[in-house]
Every structure is written in C-alpha cells, then in structure tokens.
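The values are calculated or read from the model by the stated rules, or taken from the named source; none is laboratory data. For clarity, every value in this text was computed on a predicted model and none was experimentally measured. Cβ atoms come from the backbone with ideal geometry, glycine included; neighbour counts cover every protein chain shown. The protein model used for the area step is the full one, side chains on, heavy atoms only, and it has no ligands, DNA or RNA in it. Shrake-Rupley method; radii C 1.70, N 1.55, O 1.52, S 1.80 Å.
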Amino acid sequence: MTVKRKPKRGSVARQILALQAGAVAVLLLLGGALIYLEAKRGTEAKATAEVTDLALSLAALPQVHDATRAEDPGPKLRGIADAVDEATGVDFIVFMDTDRTRYTHPNPEVIGEAYIGTIDPALDGEVYTETYTGTLGPSVRAIAPIEDDGEVVALVAVGILQENIGGELQRRLPQLLGLAALVLLVSAAGTWAIGSRLHRQTLGLGPEELTRMYEHHDAVLHSVRSGLVVIDGGAIVLANDEAVRLLGLPEDYEGRPIAELGLSGSLADLLSSGRFAEDELHVHGDAVMVVNQRPAERDGRTLGVFATFRDQTDFQALTGELDSVRGFAEALRAQAHESANRMHAMVTMIELGRADQAVAFATTELETSQRLVDRIVARVTEPALAALLLGKSYQAHEKGIDLVITDETAADGAGIEPRDLITLAGNLIDNAMDAALSGEPPRRVEVSIAQDEQGLTLTVGDSGPGLATDRPEEIWTRDWSTKTDSRPHGRGLGLALVRQVIDRYGGSVTVDRGPGAVFTVWLPRPEGREERS
C-alpha cells in the first residue's frame, strides 16, 4: 500500500515573499488607479479653470462690448473668436444672444441656431461651468455673461472637448507607468532581500515545522530535570524551570548581567567567564550542583554559552555519610588486623608458659579500646555523631595522628539533623587531619563538642602549619584547598559544605590561624533560630 505524504509547503521566507509580492502588486495597482484618477481630476480641473478665465476675459473685452452694440454683432465676434481660438487652442468659443442664438461657432453650419447647454445662471449674472455634450461632443465649458451698464446683453461660452483632455492625460500616462514600474522594481528588490535574509534565519523551514520545533523544544526545556541556561553577552537570556528553581533566579532575570542575579561567587565567575567546564561541583545557597558548560557554535558562528545544572545536594550528603562509614569500616578492619596480631602475641605468650603476662597484655589493650568507646558513647548520645568520632579516632590512629576528644565533650545533637552534624564534624576533622599530616611530628588533632540550652559548639584544632592564606574568607570558597593534584575543581568542597550548614542554621564560625588552625562553630538549636525570610 502506498502512503501518500502530505505535500510540503514552502518555507516561511517563500510564503512571506509571495505575500509581500502580492501585497505590493495590489498596493501598486490601487496606487496607480488613484494616481490616474487624481491626474484625470487635476487635468479636468485645469481645463475648467482655463475655460473659466478665458470666458471672463472675453466677457470683459472692450472689443466684445463694442461688437454687441452693433446691429449685426456676428461678423466682429467671429473675428474675435477665431483670433482667440487660434491663440489659446481651446476647442470652441461661442458668442450668443440671451435667447441662445449663436453668433459664432467652429461649425459655421450651426451659426444662428440655438446654443445647447445651461445658460440660466449666466443670465442671472453668474459664471457657470459644466460638462455637457453639445454638437461637437462631450466638453468642459464655462458660460459667462456679457454686461452693459449692469444688464446682460449677450453670453460667451468657452469649452474644451473631453477627448482632448484625455489626450493630455494619455501624454502623461507613460510617466505614470514609468514611475509605477520603478516602484515595483524597488519593492521587488527589497522583498527579495528580506525574503533571502529570512530564509537564512529560519533555515528554510516552514511555519508548521517551526511551530512543531518550538513546541518540542519548549516541552523539553520545561520537562527535563536538569537545569539549563543560555548565556549571551554576559547575561542569561534563557533558563528552564529547573534552572530558575536551582539558581533562585528572579522573574526579570532575562537580559540582566549575571553579577546582578545573586549567584554564589564561584558559580557567577564560571557563568561569566564562558569557559569550558565538565562536571564541576559548585555550592549555591543550600544546593550542591554539578555544572557543565560549553560554548555553542554553528557554521563558525558562536550562538552563546550553554550551562547545565544537576542538584547533587542529597548525593553529596550521602557521599559524606558513606565516606564516614567507609572510614569507620577501614578503621575496624585495621583494628581487626591489629587485634589479630595481638592475639598471636598472646597465644605465643601462653605457649611459652607466660599466661599471666598474656592476660595482663590482653586486659590492658581491652581497657584502652573500651575506655574510648565507653566515653564517647556515654557523652555523645547522637549515634551518627558518636560513630563518626569513633571512626575518625581509628583513622587518625592508623595515620599516626593523635586525635584527642576532650573530656568536656558531651552532646545529644541539639535538635540538629544527624546528616548536617556528620557534614560539619566530618569535614572539619578530615581537614584537620590533612593539615596535621602536612606539619611536623608530633601530629595532633583535638575535637571538643559542647552543648547548652542555646545550641551546640564544635571546636576542631590541629597541629598543622596553619592557614596558607592572608584572607581567611577565601577558605569558604569552593575551590580553596591546601592540597594540589590533577583535579583542581574536585578540591575545596568540604569547607564550602561546612559553610552551607552554618548558614542554613543561622550559626557562626571563627578561625584561629595558628600556629595550627582552630575552627570554632556555633549552631543554635532549631527552635531557637529566628525565622528566615
């Protein structure tokens, strides 16, 4: 079975070109008709004025008055009429008596006969013009009274045949046609230029294709779960719903400079730079986002910069928890390995007949390990935080760091989310251990957690070299780190996440730069926080 395809209509440019050409043609025809009618009206008006002026002049001519007083005015008036007719080129000059009897006429055979036309206004002393069909055909004529001492004694009619008026118009017609052709040529050239430009801009697509493409693209933009923005000239010109939500863009974001949109420093710098970025982590408000950015080009033209955003906040928090659990598991594995070594040592002691020493050795090791567990579990009643501290203690021991949890440490979480406590304490302790490892022995990290009715205070200090910056505010930016490796955009996220938790709870932080570094974080109890707008 053969399926008939719907014939493809012309592109938008071709349709507009056809519409414009049709519109120009119609307007040109209407304009030409109006110009023709106006020219005709002007020619008739000119002829009317000409015959009116000539009739008035003849009516006032002294020779005409003298001729009308003669017993037979005909011969003298015919001489005057012939001379004026030859000089002016009008079609007829008719002198007549008040009873319509003609004294003169271009056709001698009708002299003496009655004039055909309206003379009543002229008999009343007025100049009258009309278009009338007489013995010579349709003409534009003017009839003026010839007065003597205020009395109308004769009339004069001056006329131009309409065929001669049409001839004048026909002589002007080539000019009108030439002007119309010029206008048509200019309009066609302009229409072609506009159509060609529109054809390039619409890529030769038709209206239905453009509509379908817009609907599909709009549906995709509003339905994808990733945020997407288009940047041009340092301003966001397009953002989908998810991007507006993630970035907190105002309603009037379109066309505004990125610096005015309230984005975080590192994210604003990335979007303003237009540089290539792949899977970079950026913190903005309460969100941790993976950002990809690249310039978009087509046929050698830069169409702007496209950036996509994926919310990784929950993923990063879970990753932090997983890292803590993994660290705890690794520490337990190390402890199990060390316990196995100690077990072998105790077995060997027993085999050598030194059972008392083996029991004393085992008791001492058990008391040391159990004492730390008992003290942390008894003083820190938040399970996730207690597990984190135990895991970090084992990690520190494995790395050769003395991690001290002060005797003053006591906390139940103060109503703070366990996930946020792990993010806060885990990142600060990890950074402190890294700093201690970069310093000289003995390597030490000290952790203290205090709690009262107002909130929770966490203090983490290390024996490292201190902050490697003269501007402490830099440490809270996403890319700040004392580490160097091949992934510059993968570092510096920990302290940015810490700052995010502090800001979310409306807390505060102070940093003692050294020697060593001491971070003191205070978080109010959730019920004691002020409502944030």
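So that you can scan it fast, the table gives a plain yes or no per residue for (1) at pLDDT 70 or above; (2) surrounded by 11 or more Cβ atoms within 10 Å (Cβ to Cβ); (3) basic (Lys, Arg):
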{"residue": "Arg5", "(1), (2), (3)": "no, no, yes"}
{"residue": "Val12", "(1), (2), (3)": "no, yes, no"}
{"residue": "Gln20", "(1), (2), (3)": "no, yes, no"}
{"residue": "Leu29", "(1), (2), (3)": "yes, yes, no"}
{"residue": "Ile35", "(1), (2), (3)": "no, yes, no"}
{"residue": "Glu50", "(1), (2), (3)": "yes, yes, no"}
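Taking strands (runs of 3 or more DSSP E) as the structural unit, those lying wholly within segment 371-475 and holding at least 2 residues that are touching a Phe, Trp or Tyr at 6+ places or on another chain (Cβ under 7 Å) correspond to 455-462. Only a single criterion out of (1) in contact with a helix residue (DSSP H, G or I) (Cβ under 9 Å, 6 or more places away or on another chain); (2) among the hydrophobic types (A, V, I, L, M, F, W, C); (3) at pLDDT below 90 is not satisfied by Ala144, namely (3). With respect to Ala435, is the statement that it is at pLDDT 85 or above and more than 25 Å from Arg525 (Cα to Cα) true? Criteria met by Ala435. The set of residues in segment 62-89 that are of a type in the set (D, E, K, R), farther than 27 Å from Asn164 by Cα and surrounded by fewer than 17 Cβ atoms within 10 Å (Cβ to Cβ) comprises Asp66, Arg69, Glu71, Asp72. Would you confirm whether or not segment 413-429 contains a residue that is open to solvent by 40 Å² or more (accessible area, probe 1.4 Å) and in contact with a Lys or Arg (Cβ under 7 Å, 6 or more places away or on another chain)? Yes - at least one qualifying residue is present in segment 413-429. Inside segment 431-456, residues that are open to solvent by 50 Å² or more (accessible area, probe 1.4 Å) and within 15 Å of Val501 (Cβ to Cβ) make up a count of 1. Consider Leu497 carefully, then state whether it is outside any loop (DSSP other than H, G, I, E, B), open to solvent by less than 60 Å² (accessible area, probe 1.4 Å) and either modelled with pLDDT of 85 or more or β-branched (Val, Ile, Thr) (or both). No; evaluated as a whole, the condition is false for this residue. In this structure, does Leu267 turn out to be touching a residue at least 24 places away in the same chain (Cβ under 8 Å), in a helix (DSSP H, G or I) and of a type in the set (A, V, I, L, M)? Yes: the conditions hold for Leu267. Tallying residues that are open to solvent by 20 Å² or more (accessible area, probe 1.4 Å), part of a strand (DSSP E or B) and farther than 22 Å from Pro257 by Cβ within segment 274-291 yields 3.
Here Gly255 clears all of (1) in contact with a helix residue (DSSP H, G or I) (Cβ under 9 Å, 6 or more places away or on another chain); (2) outside any strand (DSSP E or B); (3) loosely packed, with under 13 Cβ neighbours inside 10 Å except the condition numbered (1). Restricting attention to segment 303-321, the residues being touching a strand residue (DSSP E or B) at 6+ places or on another chain (Cβ under 6 Å) and modelled with pLDDT under 75 number 4.
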